[in-house]
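Remarks on the structure that follows.
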Amino acid sequence: MVAERDLAVNKILSNIGPIVGAKDGLVVASPSHRERDDLPDYYFTWTRDSALVFSALHQVWLLPTSSRSHASSSAILKANNAGPDKTFILFENLFRSYIASQATLQTIANPSGDLRTGGLSEPKFYVNGSAFLGDWGRPQRDGPALRALAIIPYAHYLLDRGYPPDEQYIRDNIYDPNKIVSPGKVVKNDLEEVAQFWAEASFDLWEELDGYHLFTYLVSKKALEEGAKLATRLNDSGAAEYYLEQVEAIQGILEQFWDGDRYYYISGIPGQHRLASDVFKASHNQVEKRKNIDLELELELELAKSKRGDDWPDRELLDCSLPLSIVHLNPSSASEVYVSRKGQSLDENGDHLFHPTDPRVLSTMYRYVLSFRGLYDINGDKNWTNGWMLGRYQEDLYDGVGKSKANPWFICTHSIAQVFYLAQTSFEATGFIQISNLTAPFWSDILHERITPGDRWTQGNHRFKKAIRALGDVGDEFLETSRVYWDGEGAMSEQVDRNNGHQRGARDLTWSYASFMTAVNARGNL
Ligand code: NOJ
Ligand code: NOJ
């Protein structure tokens, strides 16, 4: 799969900047611009897609050499006929052009607001960097969080490198401890946006539902955690404290998303743009008042959940945003995989940590996969453990151009493979697997034998080894299934026709390539 991954990197690079007709540093979601009736107009730059793409590219250049994907780098080297240092220079320049492009976008007033009033959560812009004024599901609050997460690792890299110009570069372009919100300080601005507005409703990553979304909360929380670390490193302790207060507040509402009757995390809760925002903004730095607001938010979520808003479709809320959350909260490089401190479940405070080994997470993945049983002809009567093409959610109608019947998506199929790889590496590092009521059916399926709750397998044990192997094998089956539907030179669109397996929706979707690349990188035994 290494060769295919390298191909994916090259496909990504051809969707960024002037080579695809976009401003320097801007990632185009897809070059599709309705040149045919069956191709939608995706010739825009989405904040979410772009951030995810650059986060994926870090794996080619920014990770410590021990975990960097050598094969990927060498493919690019060959393509560019350059030496190893040149690859790094190439990527660093590309990444700086991304940061510069985002600094400009942040200053463009748009229908979601401007730099200070929520405009960073505008979902998409034209590829020349101007605001898109048409109707759209906006704002989408995962965007600024994902962008901060894409840039923060580079800030740490620069701080480690430590040249005076690097430090100046950070102050000018990423984070200046002496400025709160001001043009150019991309990460600081994003962190302030997330910290101020996270509790307000927004559209989900599929741009369809206004409300409160687990994916959005999880990436917001992660961005603020990482933001607090960066702030601390830059001696901005006040900001770090403020971000960590928000982290705690977000943590406090996550339990609302666990559905203990159905054994999975639901993806969202209905809501509208009315969440105590004025009170919230006025008091965001006053801890006491904050507590009341958290309580208010909790009550509001409780209420919304029990009512299921009228404008919300009836849905199981089992959604590909769940594997995607796990993928984007848990780093893909094996060397960085987090080892859970306690019992692979909740931490000492009973907090939801969303590790790939958490029984609630595995149970959610299992139920998400099974929700596609019998839905798509192309999966035939295969057992799911032999790899199915998976969609966004079973009730989806978006066929890639309009509304009819939706199809499976590459990113969803890749994300489930990646979760299994992450689980594999984490279990191996933790050294044991504890079987619970929640996870026994999952393990029974992938081990093809009846597994009972209460079992505990430890390193060296035959079952443990078998389980570890099975996780990798099942992941591979999903990636192999995806590969069946690639076109010609490894091209991937957004969707795959549920009946005949032809590619559907936007062609050469940048995110499809990024998701394949990170899945392969998460694979333990390359
Ligand atoms: C385009 C959006 O990007 C997609 O996510 C959505 O499903 C369709 N519009 C239909 O609303
Ligand atoms: C539609 C997807 O639903 C959304 O998540 C994505 O950002 C856009 N397409 C662009 O790829």
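Run the simple label-point estimate for Ala131 and Glu208 please: 7 Å along Cα→C-beta, distance reported in nm.
2.8
Using the Cα centre as the reference, give the magnitude of the dipole from point charges on the C-beta atoms of the chain (Lys, Arg: +1; Asp, Glu: -1; all else neutral), rounded to the nearest 20 debye.
Details: 54 positive and 71 negative charges, 200 e Å.
Charge dipole, the chain, about its Cα centre: 960 debye, nearest 20.
Within a Cβ distance under 10 Å of Ala514, other residues only, what is the Lys/Arg minus Asp/Glu net charge?
0
Take Asp38, project a point 7 Å from its Cα along the Cβ direction, then tell me which residues of region 503-526 have their backbone nitrogen under 15 Å from it.
503-508
Which whole-number percent of Cα pairs in region 458-526 have a distance greater than 16 Å?
Here the tail beyond 16 Å accounts for 56 percent of pairs.
For region 384-526, count all C-alpha to C-alpha pairs, find those more than 24 Å apart, and express that count as a whole percent of the total. Mind showing how you got there, number by number?
Details: 3850 of 10153 pairs.
Within region 384-526, distances greater than 24 Å cover 38 percent of Cα pairs.
Please compute P(r) over all alpha-carbon pairs of region 187-270, binned at 10 Å starting from zero, and give each bin as a whole-number percent.
18, 46, 27, 9, 1
Highest mean first, what order results for 222-229, 46-53 on Cβ atoms within 10 Å?
Taking the mean over residues of other Cβ atoms within 10 Å, the ranking is 46-53, 222-229.
Please tell me which of these pairs span more than 20 angstrom C-alpha to C-alpha: Lys185/Lys229; Lys188/Lys221; Lys23/Lys403; Lys188/Lys222; Lys23/Lys124; Lys86/Lys229? Present the calculation step by step, with values, prior to reporting the outcome.
Details: Lys185/Lys229 17 Å; Lys188/Lys221 15 Å; Lys23/Lys403 31 Å; Lys188/Lys222 15 Å; Lys23/Lys124 14 Å; Lys86/Lys229 30 Å.
Distance filter (> 20 Å) returns Lys23/Lys403; Lys86/Lys229.
Quick check: pseudo-label points 7 Å beyond the Cα along Cα→Cβ at Glu296 and Phe88, how many nm apart are they?
Result: 5.0 nm between the two label points.
I need the helices of the chain that pass two filters: whole DSSP H segments spanning 20 Å or more by Cα along the axis, and mean Kyte-Doolittle score no lower than -1.0.
Numbers: long enough: 47-61 (21 Å, 0.30); 84-106 (33 Å, 0.03); 142-161 (30 Å, 0.30); 214-233 (29 Å, 0.02); 237-253 (25 Å, 0.04); 287-307 (30 Å, -0.76); 410-430 (30 Å, 0.70); 462-484 (33 Å, -0.48).
Going by DSSP H runs, the hits are 47-61, 84-106, 142-161, 214-233, 237-253, 287-307, 410-430, 462-484.
From the gyration tensor of the Cα coordinates in region 123-224, what semi-axes in whole Å does the equivalent ellipsoid have, largest first, with each one equal to sqrt(5λ)? Walk me through the intermediate numbers first.
On the way: eigenvalues 153, 50, 26 Å².
Result for region 123-224: semi-axes of 28, 16, 11 Å.
Quick check on the chain: what are the equivalent-ellipsoid semi-axes from the Cα gyration tensor, as sqrt(5λ), descending, whole Å? Let's see the in-between values first.
On the way: eigenvalues 198, 159, 124 Å².
For the chain, the semi-axes come out at 31, 28, 25 Å.
With N set to the residue count of region 413-476, report its C-alpha Rg divided by 2.2 N^0.38 Å to two decimal places.
Output field value: 1.03.
The numbers here are math on the coordinates, done by the rules we state, and not lab data. The structure displayed is predicted, hence computed values, not measured ones. Neighbour counts run over all protein chains shown; Cβ positions are idealised from the backbone, glycine included.
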